[in-house]
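Q: Pasting in a structure now, in structure tokens, and then I'll have a few things to ask.
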Amino acid sequence: MDPRLREIADHTRGFLPDDEADALRAAAATARPGLWLEIGTYCAKSTVHLGSVARDRGAHLVTLDHHHGSEENQEGWDYHDSSLVDPHTGLLETLPHARHAIHDAGLEQTVTLLVGSTQQVAPWWTSPIELLFLDGNHTEDVAQHDYAAFSRHLTPGALLLVHDVFEDPRDGGRPPWNVVQRALASGDFVQESVTGSLRALRRTDGDTEEGSAR
Ligand SMILES: C[S@@+](CC[C@H](N)C(=O)[O-])C[C@H]1O[C@@H](n2cnc3c(N)ncnc32)[C@H](O)[C@@H]1O
């Protein structure tokens, strides 16, 4: 990774340990160029990692977030950062931080920031996706929604990356684990790697019930 981008990613707030960041880039390097979609931008830490590979591969990365944080980012929860609260709205506001990271990394031509909820975007999204990184809301309903709504646009051979997947419930919440189990049970995906809580799956041609219903 370009050392300047690495430094920017290292100084960007977020939730991606170094080994998972390295694995994210290594997996992305095997994806075809075309359109890549990240769900869960936050301050764009993972976006800088993915964007650096997207630029090298000639891919375009869309990163989707409403930028008001997940449940665990709100006041009173473990992952709340009070310096991210916008005094105008009183809400968590990560968009300016993400813009700065993408600007500083020189990735503005490679990355499109899409501001909205996955529920707003899913109904009109039609583009085929070559890489999907699921790192948004970790409640069961929304995690399942995001998987169902966007994985259907993955082309055969495309990559599905899921973050915060914990086999042992004592290590973290169930929804990302359940999403990976659902993807594997569909017969449409094979698992290629596991690094910490990051899983890389690849879409097969799979002619299964869930797959053929698409
Ligand atoms: C775990 S953080 C993403 C971390 C980021 N990928 C990183 O590397 O630091 C999850 C993000 O999902 C966003 N999010 C939660 N629910 C969402 C929804 N329904 N639609 C869009 N974004 C959502 C939150 O605003 C939050 O920024």
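We did not get these values from a lab; they are worked out from the coordinates using the rules stated. The model shown is predicted, which means the values in this text are computed figures rather than measured ones. Virtual Cβ from ideal backbone geometry, glycine too; neighbours counted across all protein chains shown.
Q: How high is the relative contact order of segment 3-212, given as a whole-number percent (alpha carbon pairs under 8 Å, six or more residues apart)?
A: 20 percent.
Q: Okay, next question. For ARG32 and GLU140, calculate 0.36 nm times their separation in residues minus their Cα-Cα distance, and state this gained length in nm to one decimal.
A: Length gained, ARG32 through GLU140: 35.9 nm.
Q: ALA158's amide H: which non-local residues (gap 5+, or another chain) put their own amide H closer than 5 Å, with H modeled 1.01 Å from N in plane and none for Pro or chain starts?
A: Distant-sequence amide H within range of ALA158: ARG203.
Q: Hey, fewest Cβ within 10 Å first, where do TRP177, TRP125, TRP36, TRP77 land in order?
A: In increasing order of surrounding Cβ atoms, one gets TRP77, TRP125, TRP177, TRP36.
Q: While we're here: At a Förster distance of 35 Å, what's the computed FRET efficiency of ASP168 paired with SER83, Cβ-Cβ distance as r, to 0.05?
A: Between ASP168 and SER83 the formula returns 0.60.
Q: Here is a follow-up. Counting other beta carbons within 10 Å of each Cβ, put PHE133, PHE15 in order, fewest first.
A: With the fewest neighbours first, PHE133, PHE15 line up as PHE15, PHE133.
Q: Equivalent ellipsoid semi-axes for the chain, as square roots of 5 times the alpha carbon gyration tensor eigenvalues: give them largest first, rounded to whole Å.
A: 25, 20, 17
Q: If you don't mind, there's one more thing I want to ask. Report the FRET efficiency, 1/(1 + (r/R0)^6), for GLN109 and ASP22, where r is their Cβ-Cβ distance and R0 is 25 Å, rounded to 0.05.
A: Using R0 = 25 Å, I get an efficiency of 0.55.
Q: Does segment 16-103 come out rounded, prolate or oblate by the C-alpha gyration tensor, with a ≥ b ≥ c the root eigenvalues, rounded set by a/c under 1.5 and, if not, prolate when a/b is larger than b/c and oblate if not?
A: prolate
Q: Within segment 29-131, list the GluC sites (Glu not before Pro) lying in a DSSP loop whose Cβ has at most 15 other Cβ atoms in a 10 Å radius.
A: Listed in order of number, the matching sites are GLU75, GLU108.
Q: Bin all alpha-carbon pair distances of segment 65-148 at 10 Å intervals from 0 and give each bin's fraction as a whole percent.
A: Percent of Cα pairs in each bin: 15, 41, 37, 8.
Q: Right, next: Please compute the Kirkwood hydrodynamic radius of segment 87-214 from all pairs of different C-alpha atoms, in Å with one decimal.
A: Result for segment 87-214, one decimal place: 16.1 Å.
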